[in-house]
Amino acid sequence: MAGNDPTETGGLFIGRRPGTAPLRYRGTPTPGGRARRRVDAVLAAGILIVETLLLMTLWGPQPAAWLWLGSQIFHETDSVSIGILVAFLGMLLTILVTIRLAMVLDRTWKLVRRASGHDQERGALERIFVISMVIVGAAFFIWFLVIHGPGPDLSSPQG
């Protein structure tokens, strides 16, 4: 039996759990030339821009397109349930696909950024997602309360 068997150590695992050892790289890769790192930096910036634009579609264009398609299906079938179902499932599917694509872009961005000479350990996906959510949420809040107005019930002098 192994020396770290839980029955021999009072139920405690001694040592590392499987898969938790630090990463060991084969060796330090040879850095590219100055021009190559500059090209990689420009490519990394382009990937980051594409990732940002892709995530921004989650907050407006994708839901609006699926709501429009759901309304067209409702108009053609006279069934509001089918229209809502198609819009909901379509939004869910495209959101999951968009996030998956953004994850692939984020992983690629980290690799290209490392190739450009930066010690990039974390991706930008979470930051882009949260910042875009705050910006779009604030814009919606301003539109809903200031531009569109609260409606006659809340702004009436008699109410």
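Take 109, 66, 59 and order them by how many other Cβ atoms sit within 10 Å, fewest up front.
Lowest count first: 59, 66, 109.
Give me the dipole magnitude in Debye, nearest 20, for segment 34-134 about the Cα centre, with unit charges on the beta carbon: positive for Lys and Arg, negative for Asp and Glu.
Using Cβ point charges on Lys, Arg, Asp and Glu, segment 34-134 gives about 840 debye.
Using only alpha-carbon positions, what ratio does the radius of gyration of segment 34-134 give when scaled by 2.2 N^0.38 Å? Write down the numbers at each step before the final one.
Numbers: Rg = 18.2 Å, N = 101, 2.2 N^0.38 = 12.7 Å.
Here the Cα radius of gyration is 1.43 times the empirical estimate.
Can you give the local net charge around residue 55? Use residues other than it whose beta-carbon is closer than 11 angstrom to its beta-carbon, Lys and Arg +1, Asp and Glu -1.
-2
All of the numbers you see were taken from the coordinates with simple rules; none came from a lab. Just so we're clear, the structure is a prediction, and the values are computed from it rather than from any experiment. We place every Cβ from the backbone using ideal geometry, glycine too, and count neighbours over all the protein chains shown.
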